Amino acid sequence: MIYPIVVYGDPVLKKQGKNLEKEKTDVIQLSNDMFETMEGANGIGLAAPQIGKSLRMFVVDGTPINDEEEDMSDFRKVFINPEIIEESGEDWVFEEGCLSIPDVRAEVERPERLRIRFFDEKWEEHEEEFDGMKARIIQHEYDHIEGILFTDHISPFKRKILKGKLTNISKGKIKTSYRIKIPISGKR
Ligand code: NI
């Protein structure tokens, strides 16, 4: 099932997600739906809050950006109840985008390496290290389950420049190739 993607301005994107419970959520179904939704929007990562679920879960698929520089062929994964244990290395800058903030890109600085503990869709526990683009994708998605968007990392000046665009997104004044859920604006 393809979900509409929640966009900037929706309170669910600012909320910290809750841990999943094995008995409560069919994580196989949910991860399939999340992969399908992400692929439908040509994304390389998608977090549960982006489909309106305030849960600590995200999926990544780096295979569309696999190249000689960085092998992404095995980077298609589900992260459930993840905990970043450690970040290390030098900070580096990359221009990020987000399915929840269509047509907006901005440079974000993040550490190059991380160690993360998580469960996969079979509820098997892993502890792994990632660097480069893989770490970058994980950090971006991990932020989502903490209620943080990449626009929270940019300078106040840059945010001021983007303000009009962000307001338009929150009002649904945006064209996307995928279905979105427009935040309820004004009074409820
Ligand atoms: Ni995002």
Within the stretch 95-120, work out how many residues are closer than 30 Å to I182 by Cβ and surrounded by 15 or more Cβ atoms within 10 Å (Cβ to Cβ).
-> 11
Only one of F35, F58 is among the aromatic types (F, W, Y), more than 13 Å from the ligand (Cβ to nearest atom), in contact (Cβ under 8 Å) with a residue 24 or more places away in the chain and closer than 18 Å to I138 by Cβ, namely F35
Within the group K24, K15, which residue is open to solvent by 40 Å² or more (accessible area, probe 1.4 Å) and either among the aromatic types (F, W, Y) or within 15 Å of the chain's Cα centre (by Cα) (or both)?
-> K15
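Could you look through the stretch 29-58, keep only residues that are charged (D, E, K, R) and assigned to a loop (DSSP other than H, G, I, E, B), and pick out the one that is most open to solvent (accessible area, probe 1.4 Å)?
Pass one, the stretch 29-58, residues charged (D, E, K, R): 33, 36, 39, 53, 56.
Now narrow it down to the ones that are assigned to a loop (DSSP other than H, G, I, E, B): 53, 56.
On the way: K53: 64, R56: 16 Å².
The selected residue is K53.
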Is there a residue in the stretch 86-93 that is touching a strand residue (DSSP E or B) at 6+ places or on another chain (Cβ under 8 Å) and part of a helix (DSSP H, G or I)?
-> no
Do you know which of the residues in the stretch 121-149 that are open to solvent by less than 40 Å² (accessible area, probe 1.4 Å) and assigned to a loop (DSSP other than H, G, I, E, B) is nearest to the ligand (Cβ to nearest atom)?
-> L149
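The values are calculated or read from the model by the stated rules, or taken from the named source; none is laboratory data. Only a predicted model underlies this, so the values are computations on that prediction, with no experimental measurement involved. Reconstructed Cβ throughout: ideal geometry from the backbone, glycine too, with neighbour counts over all protein chains shown. Surface areas here come from the heavy atoms of the whole protein model, side chains and all, with no ligands, DNA or RNA. Shrake-Rupley method; radii C 1.70, N 1.55, O 1.52, S 1.80 Å.
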